[in-house]
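Here's the structure we're looking at; comments come further down.
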Amino acid sequence: MKKLYILIISLTLGLNVAMAQSTLVKKADKYYSRLQYVKATETYEKAIANGDADDHVYQNIADAYYQIFDTKNAEKYYAILATKSDDPEVFYRYAQMLKANGKYEQSTPWMEKFANMKPADHRAMKFREMPNYLPRILERGKDKFVVNEMQNINTEYSDFDAQLNKGKLYFVSARDTRGKIYEWDKQPFLDIYQADYKDGTVSNIEKLPGDVNTKYHDGTFAISPDGKTMYFTRDNYADRTYKTDTTGISRLKLFSAKLINGEWTDIRELPFNNDNYSVGHPAVSPDGKKLYFSSDMPGGLGQSDLYVVDIKRGRNNFGNPVNLGPNINTEGRESFPFISKKGDLYFSSDGHLGLGGLDVFGCRNVDGKFSRPRNLGVPLNSGKDDFAIYIDDDTKDGFISSNRNASRLGDDNIYTIKNIKPVCDVLISTTIVDAKTGKAIPQASVTLTDKQGNPIKTKLTDNEGHVDFLIECDKDVVVEARAEEYENNKVNVAATDDEEVDVKVALNPIEKIITPRELDINTIYFDFDKWNIRRDAAFELDKVVEAMKKYEDIKIHIVSHTDIRGTEKYNQQLSEKRAKSTMEYIVSKGIDASRLTAEGKGESEPAVKCTRCTKEQHQLNRRSEFLIVTEEKTNE
């Protein structure tokens with residue numbers, strides 16, 4: 001049912017109509033032109049059974065099934081078209097339907113074919129950037145959301161777009177069977193409902209009181225932060241007049257209503273509506289000053305785009321709509337925007353990389369600008385249509401609508417969601433290579449740490465020297481890599497809002513940088529009044545261990561120091577403890593103690609001479625240094 005609200009009306013992809021048509025095909029075409037897709041598919045099927053099929057019939061029946069989201073039949077007929085068509089949109093829709101039916105590997109070649117034919121298309125460019133995106137989306141949301149079908153609200157008809165406001169639950173439903181039937185999908189027309197909602201229990205469901213609902217479609221909606229104004233989508237019906245465009249299609253429009261004495265009345269049409277294109281899916285900013293919506297108005301990037309308009313003082317006073325641009329909009333369909341309390345944007349799209357139907361995407365609000373959209377992954381998204389998300393930033397609870405378990409055509413259901421982890425993440429795509437040859441290093445140990453050196457996760461590289469880490473946005477991290485017979489190395493990764501960051505860590509073979517008499521070992525440092533080996537120090541000491549394993553004649557003398565705080569006697573004892581702990585760490589890694597000596601120098605040999613030392617200068621003085629020794633070989 002929500003397919004109406006995707007705002008796409010002109011749907012034929014452009015194959016030529018056959019000059020001679022049977023009566024059945026003409027009848028089916030008539031249903032199709034009227035958007036009566038159920039009747040159209042039934043009649044086209046009869047024509048095909050009679051042997052009356054050509055490219056025109058296959059095109060229309062595939063598109064009709066696509067619009068009512070009968071993915072199996074749409075796949076069937078796009079498969080036929082794909083073997084004879086040179087239209088890239090056929091390949092794109094075929095790939096979408098394959099994904100919607102869980103045939104992810106089969107969809108990739110068709111996405112590649114689409115991308116090759118339309119390289120400048122935003123959908124193609126996004127696919128080129130991340131051709132292996134599907135496994136990431138399938139894994140991304142598994143530990144971030146809990147999704148369950150909502151109880152005591154869903155019917156055999158379409159129910160969707162649940163939102164909470166001022167203690168009331170509002171939603172859209174086609175459950176009233178007493179009125180008109182919508183020929184698109186053979187369901188009743190939509191109305192807006194309200195109910196009581198407490199502790200997850202829905203009660204006292206009733207139609208929205210007032211003048212919002214009509215005998216045609218009403219909903220989706222958004223309510224202002226003060227709870228006094230509702231913006232809602234409606235068919236082009238006002239003052240008891242049902243209007244159409246020049247092709248006979250009734251476009252969607254946005255209206256507003258005021259809550260007066262418990263009823264939504266004073267209905268007004270918004271001034272930027274137009275009889276010749278659709279405007280719908282309202283969402284209001286947290287401060288109530290901006291209205292977001294979806295439209296297929298001329299000048300957009302795709303089949304439907306997201307826009308924003310200023311809400312000005314005075315009743316029904318608005319600025320000029322502004323397209324949200326190519327960061328958000330694609331050549332596909334962007335719709336169902338929602339703005340959270342933090343100002344983050346959520347919306348549904350079939351143009352961004354997804355799982356086949358409409359997927360929900362999230363964009364953080366960073367200094368008034370929206371970040372790059374992120375597919376929120378499974379289980380929030382499925383292979384079907386997932387849309388109309390609502391989420392409370394405070395409680396992390398919310399709702400989403402989906403036809404993932406639809407029992408009949410047009411059946412959308414409302415699901416509860418619980419956001420248990422942040423939805424903004426960055427994929428750290430890491431490759432470990434030999435610095436000399438550039439070849440991948442398999443089975444290298446790669447550790448992701450925070451800025452303080454605290455480990456987050458450790459993985460081993462695969463045969464291509466590759467490993468992935470998924471982290472939260474805006475976190476500085478360090479990628480550390482170790483491999484046998486290589487010097488350890490690490491790379492700092494600055495905080496970013498990008499969806500993916502490629503990191504290459506080159507490890508120097510020990511043979512290249514180390515000879516028995518020349519070994520580059522970094523000084524290690526200690527915390528104030530401590531002698532334990534810090535994690536950053538262990539990273540350096542592991543280099544020493546690898547070198548000593550490679551060159552068995554190397555001996556190392558450890559010299560440890562303190563800063564000038566404390567008495568000379570105490571600092572001498574502290575430096576000796578540091579020398580001992582340094583030596584014990586190396587021995588614990590398999591190096592014979594006979595190859596090591598250690599001494600403490602107290603505060604007598606500072607790296608930085610100072611009397612009123614800064615915090616940084618004190619740190620430079622709390623250290624262990626290394627002297628490399630080799631046994632002299634004598635001629636007998």
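The values are calculated or read from the model by the stated rules, or taken from the named source; none is laboratory data. If you're wondering where the values come from, they're calculated on a predicted model, not measured in any experiment. A quick note on method: Cβ atoms are made from the backbone with ideal geometry, for glycine too, and the neighbour counts reach across all protein chains shown. Accessible surface is based on the protein model in full, side chains and every heavy atom, while ligands, DNA and RNA are left aside. Shrake-Rupley method; radii C 1.70, N 1.55, O 1.52, S 1.80 Å.
Greater than 32 Å separation of Cα atoms is the criterion. Which listed pairs, Lys215/Lys369; Lys198/Lys342; Lys396/Lys457; Lys457/Lys530; Lys30/Lys215, meet it?
As for pairs spanning more than 32 Å Cα to Cα, those are Lys215/Lys369.
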Charge dipole (segment 273-349, unit charges on Cβ, about Cα centre) - positive-most of Asn327, Ile339, Tyr307: Ile339
Rounded to whole Å, give me the distance from the Cα center of segment 548-594 to that of segment 349-399. 54 Å
Please compute the per residue accessible area over the chain with all protein chains in place, 1.4 Å probe, rounded to a whole number of Å². 45 Å²
Given backbone amide H placed at 1.01 Å from N, residues whose amide H is under 5 Å from that of Leu208, ignoring those fewer than 5 places away on the same chain, are Ile192, Tyr193, Gln194
Compute the angle between helix 23-33 and the longest alpha-carbon principal axis of the chain, please, reported from 0 to 90 degrees and rounded to the nearest 10. 60 degrees
Amide H to amide H, which residues 5 or more places from Lys504 or on other chains are under 5 Å from it, using H placed in the peptide plane? Thr431
Per the Cauchy relation, a quarter of the hull surface: what is the mean projected area of the convex hull of the alpha carbons in segment 43-166, in nm²? 11.5 nm²
Nonlocal amide H pairs with Leu252, under 5 Å, H built at 1.01 Å: Ser278, Val279
Residue-by-residue Karplus 3J(HN,Hα) for segment 61-74, coefficients 6.51, -1.76, 1.60, Hz, glycine and proline x: 5, 5, 5, 5, 5, 4, 6, 9, 6, 8, 5, 5, 6, 4
What list of ³J(HN,Hα) values in whole Hz, one per residue of segment 600-616 in order, does the Karplus curve 6.51 cos²θ - 1.76 cosθ + 1.60 (θ = phi - 60°) give from phi, with Gly and Pro shown as x? x, 10, x, 9, 6, 10, x, 6, 10, 7, 7, 9, 10, 6, 7, 4, 5
Applying a 10 Å radius around every beta-carbon, put 477-483, 590-596, 368-374 in order of their mean neighbour count, most first. 477-483, 368-374, 590-596
At 1.4 Å probe size, with no ligands or nucleic acids counted, give the accessible surface of Leu324 in Å², nearest ten. 40 Å²
Local electrostatic count at Asn413 - Lys and Arg +1, Asp and Glu -1, tallied over other residues with Cβ under 9 Å: -3
Given (i) 27.7, 101; (ii) 32.6, 115; (iii) 31.0, 109, the label whose value is Rg and Dmax of the Cα atoms in Å derived from this model: (ii)
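Suppose accessible area is computed on protein heavy atoms with a 1.4 Å probe; arrange Cys610, Cys363 from highest to lowest. Please list the in-between numbers first.
Details: Cys610 35, Cys363 5 Å².
Result, largest first: Cys610, Cys363.
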Let me spell out the model: positive unit charges on the Cβ of Lys and Arg, negative unit charges on the Cβ of Asp and Glu, origin at the Cα centre of the chain. What dipole size does that give, in debye rounded to 20? 1240 debye
Give me a comma-separated list of calculated 3J(HN,Hα) values for segment 159-164, in order, Karplus coefficients 6.51, -1.76, 1.60 applied at θ = phi - 60°, integers in Hz, x for any Gly or Pro. 9, 6, 6, 7, 9, 9
By how many degrees, 0 to 90 and rounded to 10, does the Cα axis of helix 88-100 deviate from the longest principal axis of the chain? 70 degrees
Any idea what angle helix 535-550 forms with the longest principal axis of the chain, computed on alpha-carbon atoms, 0 to 90 degrees, nearest 10? 60 degrees
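Below 14 angstrom from the Cβ of Tyr242, what's the summed charge of the other residues (Lys, Arg +1; Asp, Glu -1)? Present the calculation step by step, with values, prior to reporting the outcome.
Numbers: positive: Lys180, Lys215, Arg234, Arg240, Lys243, Arg251, Lys253; negative: Asp218, Asp235, Asp239, Asp245, Glu269, Asp275.
My count for the surroundings of Tyr242 gives +1.
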